[in-house]
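One structure is given here, and the rest of the page talks about it.
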Amino acid sequence: MHYNSFFEAQLQQLRDNGNYRVFADLERHKGAFPYATNRNGTDAREVTIWCSNDYLGMGQHPAVLNAMHKALDISGAGAGGTRNISGTTHNHVLLERELADLHDKEDALLFTSGYVSNWAALSTLASRMPDCLILSDALNHASMIEGIRHSRAQCQVWRHNDIAHLEELLAAQPLDRPKLIAFESVYSMDGDIAPIADICDLAERYNAMTYLDEVHAVGLYGPRGGGIAEREGLMDRITVIEGTLGKAFGVVGGYITSTAAICDFIRSFASGFIFTTALPPAVAAGAAASIQHLKASNAERELQRARVAEVRRKLSKAGIPHVENPSHIIPVMVGDPVKCKFISDTLMDEFGIYIQPINYPTVPKGTERLRITPSPVHSPEDVERLVAALGVLWTRCQLSRVSMAAE
């Protein structure tokens, strides 16, 4: 076998299908995000970012930056290794306290990313509980799927947000069999929201644990940014709440919150925690400052919701098809991988607008889209330019327009 030829052929197939991913070289402007400099070789241009998961612009908030600078001056750059070997820095202790308080749980445990927290927590819980059955929502994130696979526990997939199907699967199991229902609150590609209360009802009726991924909700929903479960008064009914520090909180890292026993159990048995270098102290300090700010401030959330509504209204008026949902995520549907990539490239090249195309395998074939995430740091003028550019490209690509009721 000629190995390199095989790899090159596979990459070319991705290009031919419109699914090859190109990373944009972006330099965010502190104090002026969502504006950034895009570099291509020696060329540079100014662009507006419309697909960032820094949903509230907290990655440039003065409180976050000041906390990081202070911690860097006190503790230096790195954590020095794993927490088992090098010890836990005081910033990790403070951050875990903030996270436990945010979700009204006994304890919290930090990981290097949201992906790792899902992978490590789910694989550890399911592999260590004898004969555990995982019931996984059909649209769960890849990190949850990988954690479930790694556990080697039996898994049954229930149709997305289909409570009747979930109950059918639960009812077929012995009441005393260990069961774990794994699902998300806000699903990142379609922006829909899980029926959390109904899932909790079933978990209590059929003696199951619940594992809720709130990565696209923490910071954004609830009176203190605790997520959808906080907004709906359900945090006490969830066994494990998992979240990220890399989206609305604007830094990096992942975490779980739960009872002290469950957090200690995962700390003691999860290889993804035990053998991984800890987050730098400055990152932990910045995340704690971000959480503290958003616990007390609703200004960012209110402005974001207003900006989301504004973008939706203007897209509807222009006939640009977008998925209606109750969240902050606006999927603009293209339905063709080549055209989706073309629109993304042309938005950048001609209009200075950066939106990454979302193609297979992230979404099913035929549902290719642009995933727009309006933030409080986008201006009304940014919105006008975005919708006008999409209108031009919709006509150029001969894509259908739709009649959507103004929202």
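Summary table
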{"quantity": "Among (1) touching a Ser or Thr at 6+ places or on another chain (Cβ under 8 Å); (2) surrounded by fewer than 18 Cβ atoms within 10 Å (Cβ to Cβ); (3) over 29 Å from PRO223 (Cβ atoms) - the single one ARG237 does not satisfy", "calculated": "(3)"}
{"quantity": "Residue count for the range 202-218, restricted to those that are touching a Leu at 6+ places or on another chain (Cβ under 7 Å), in a loop (DSSP other than H, G, I, E, B) and crowded, with 17+ Cβ neighbours inside 10 Å", "calculated": "2"}
{"quantity": "Residue count, the range 348-373 (criterion: within 24 Å of the chain's Cα centre (by Cα) and under 16 Å from VAL47 (Cβ atoms))", "calculated": "9"}
{"quantity": "Among the residues listed as TYR221, TYR255, the single one being in a loop (DSSP other than H, G, I, E, B) and either under 20 Å from the mean Cα position of the chain (by Cα) or at pLDDT 95 or above (or both)", "calculated": "TYR221"}
{"quantity": "Residue list for the range 5-50, filter: within 21 Å of the chain's Cα centre (by Cα), at pLDDT 95 or above and either assigned to a loop (DSSP other than H, G, I, E, B) or of a type in the set (Gly, Ala, Ser) (or both)", "calculated": "PRO34, TRP50"}
{"quantity": "So PRO337, is it at negative phi, touching a residue at least 12 places away in the same chain (Cβ under 8 Å) and open to solvent by less than 40 Å² (accessible area, probe 1.4 Å)", "calculated": "yes"}
{"quantity": "Top-ranked residue in the range 67-124 [being basic (Lys, Arg) and part of a helix (DSSP H, G or I); ranked as nearest to LEU245 (Cα to Cα)]", "calculated": "ARG97"}
{"quantity": "Of residues in the range 128-153 being closer than 19 Å to GLY114 by Cβ and among the small types (Gly, Ala, Ser), the one most open to solvent (accessible area, probe 1.4 Å)", "calculated": "ALA142"}
{"quantity": "Of all residues making up the range 349-407, the number that are surrounded by 18 or more Cβ atoms within 10 Å (Cβ to Cβ) and in contact with a Phe, Trp or Tyr (Cβ under 7 Å, 6 or more places away or on another chain)", "calculated": "9"}
{"quantity": "Condition check for GLU242: closer than 28 Å to GLU168 by Cβ, part of a strand (DSSP E or B) and not polar (S, T, N, Q)", "calculated": "yes"}
{"quantity": "Enumeration of residues in the range 227-239 that are part of a loop (DSSP other than H, G, I, E, B) and either more than 14 Å from the chain's Cα centre (by Cα) or hydroxyl-bearing (Ser, Thr, Tyr) (or both)", "calculated": "GLU232, GLY233, LEU234, ILE238, THR239"}
{"quantity": "Members of the range 351-390 that are assigned to a loop (DSSP other than H, G, I, E, B) and of a type in the set (D, E, K, R)", "calculated": "LYS365, GLU368"}
{"quantity": "Qualifying residue in the range 183-201 (condition: of a type outside the set (A, V, I, L, M, F, W, C), open to solvent by 50 Å² or more (accessible area, probe 1.4 Å) and closer than 28 Å to GLN292 by Cβ)", "calculated": "no"}
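The values are calculated or read from the model by the stated rules, or taken from the named source; none is laboratory data. Since the model is a prediction, treat every value here as computed from it, not as a measurement. Every residue, glycine among them, receives a Cβ derived from its backbone with ideal geometry; neighbour counts consider all protein chains shown. For the accessible areas, the whole protein counts, side chains as well, though only heavy atoms, and no ligand, DNA or RNA atoms are used. Shrake-Rupley method; radii C 1.70, N 1.55, O 1.52, S 1.80 Å.
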